[in-house]
1. Work out, step by step, the length gained on full extension between ALA21 and ALA338: first 0.36 nm times the residue separation, then minus their alpha carbon distance; give nm to one decimal.
2. Sort the chain into rounded, prolate or oblate with this rule: let a ≥ b ≥ c be the square roots of the eigenvalues of the Cα gyration tensor; rounded if a/c is under 1.5, and if a/c is not under 1.5, prolate when a/b is larger than b/c, oblate otherwise.
3. Using only the Cα atoms of the range 233-382, build the gyration tensor, take square roots of its eigenvalues as a ≥ b ≥ c, and label the shape rounded, prolate or oblate: rounded if a/c is under 1.5, else prolate if a/b is larger than b/c, else oblate.
4. Give the calculated FRET efficiency between LEU389 and PHE275 to the nearest 0.05, with a Förster radius of 25 Å applied to their Cβ-Cβ distance.
5. From a point 7 Å beyond the Cα of THR491 in the direction of its Cβ, which residues of the range 449-467 have a backbone N at a distance under 20 Å?
6. Report the GluC sites (Glu not before Pro) located in the range 441-547 that are in a DSSP loop and have at most 13 other Cβ atoms inside 10 Å of their Cβ, or state none.
7. Which residues does a label at ASP34 reach in the range 317-353, if reach means a backbone N under 16 Å from a point 7 Å past the Cα toward the Cβ?
8. Which order do VAL544, VAL506 fall in if you start with the one that has the fewest other Cβ atoms within 10 Å?
Amino acid sequence: MMSRLRSPLVLLILLSLFAWAPLLAPGYFLRAHDARHSLIWLVEFHQGIESGFWWPRWAPDHAQGFGYPLFTFYAPLAFYIAEIFNLLGAGILGAIKITWGLATIFAGVSMYVLVKRLWGSGPAFIAGLLYMYAPYHLANIYVRGAFAEFVALAIYPWVILTFWDVLDRPRARGVALAALSLGALILTHSVTLMLLPPMLALLILYWLGISWRHSGRFPWRATYFALAAGVLGGMLSAIFLLPVLVETKYIVVDQWLPAESYNYPQQFLYWFQWFNFQWGYGFALPGPDDGMNLSIGLWLVVLGLAATPLVLKTPPKRASIYWGFLGVAMIALGATLAPSQIFWDVIPMIKLVQFPFRFLAPASLFLSLASAGVIAALLPQRHESLHPLLLTLAIGILLASWTYAKPQHTSITQQDVLPVADIRFELDYPDMRGSTAFAAGKPVTSPKIPAYLQGDPLPLAEIIAGEGQVTSIRHGAGEDIVRVDAATPVTVRFFTYWYPGWRAWVDESPTSTRYDPQDPNALILVDVPAGEHQVRIRFTNTPVRTASALISIATLWILVILFFWDTIRNHALSNLPKLRDSHQP
């Protein structure tokens, strides 16, 4: 037992407690910037699963109850993870807290595994602590409440490790793991596509250049394998990426990028903010007086930047790895400053990052790796145990950052984990009401709001032409069913945004849906003949969504084959002599 406690990995996991222990307290931290979203979006996602969608795309309570294709544009993997715990009985709040905690631990463990591969357990232990306790990492959970981004940060080291393995030992299994890690990252957080992958590409080019210089031959095999992993990772995430690329024109993207708060030219940092360790729970504002901490962190400054001269006397091959991490870290830090705007302006998709300070995520990653390189240079040899120097340093890291792991605890009510929470949020923040490109603008009100607030059954539709009445039968996330008693042919208007993919059935017979261009909300219309009928609408896949899902499924099978390729080949080769013998006369 004592030998296990002396294990660097076990001690790292134990010390992670200070980072996630606040999650054990009652309540939540609803004053964190996006904390309400973490609960609301799991509520929406859960309704999709309950309605029979294995890949939910429609959030039924957004836009004042008109619904919105949220998970078409917001990567859902973090909510899949939380939904597992929700279905196991943890509830909405418990599931989110468990996922926060596991992501904290996995961030440290994945960093540990990466650095252990490079420099041994000692530096890996310190790198894991530095990454878990990096100010931006802790701010993401307790100040920003950025749920999906926080889970994505836990995957960052895994992506670096798997691509390092592809370049170091090119083989089919490595390609499968690298593609899986990259695909998982993209499916976890949409904005991360513009953060880590470009840094990873630069790092891969650097590694290939170093290999070419040391061997005298260009590593074509490693290059092809890394490229294959990147392509397969993108194909694995096609179920999300392709609809984003095709259907972005169907929503009003600019409403999420208002110039006064979310526009990147207003949000660049000042270099001295990297060294301002004062903690705060406010927002990022134009100018240097931000209300939240945007620093690198004391020990990442000391080990990742100031201690650079300590690496100069290390063997060139080991030092080259360090310089690569440090160089990419400096590029990431540079992207947070105003001089980098020239690059922001010429890359169209990067504006979706919204906040340049988000590049502190890859900066924290690569500075933690650079710090591990410094530790490796200080130790006399590759250490697989805890040197006393490392234990002292670990205490220093905890003392410098553990006070940051203090959320502003708030009580929570049952309504905070019900669909009405979405409505209350939009009533408090009208600018956060989504709209489609078919509507005239954001919804001002909705017939559903009184029912939401009073806890009554929701009205689902009304008759706008002809004579009859509508009775609600069932409401779901992406499906509504009503009964129509019509004395004459009628037109039924559902209180749901029209959007490509909505289909309708009258008594199980398919019929068309449409919307009135003069309707400012562009709600779904269905024509129904006279008589008593059951009318159902359901959000279904378009050809693009179906094709993207098939690409992802096919890619997953390819990755399974690649993962077991060596076993399959070896088995085939071992049976080849028997096969030949069986054909001998």
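Bear in mind that the values in this text are calculations on the coordinates, not laboratory data. Worth saying up front: this structure is predicted, and the values here are computed from it rather than measured. As a convention, Cβ positions derive from the backbone with ideal geometry for all residues, glycine included, and neighbour counts pool all protein chains shown.
1. Taking ALA21 through ALA338 to full extension adds about 110.4 nm, to one decimal.
2. Numbers: a/c = 2.12, a/b = 1.51, b/c = 1.40.
Prolate shape, in that a/c is at least 1.5 and a/b is the bigger ratio.
3. oblate
4. 0.50
5. 460-467
6. Those that pass, being in a loop and sparsely packed, are GLU467, GLU508.
7. 350-353
8. Ordered by Cβ neighbours within 10 Å, fewest first: VAL544, VAL506.
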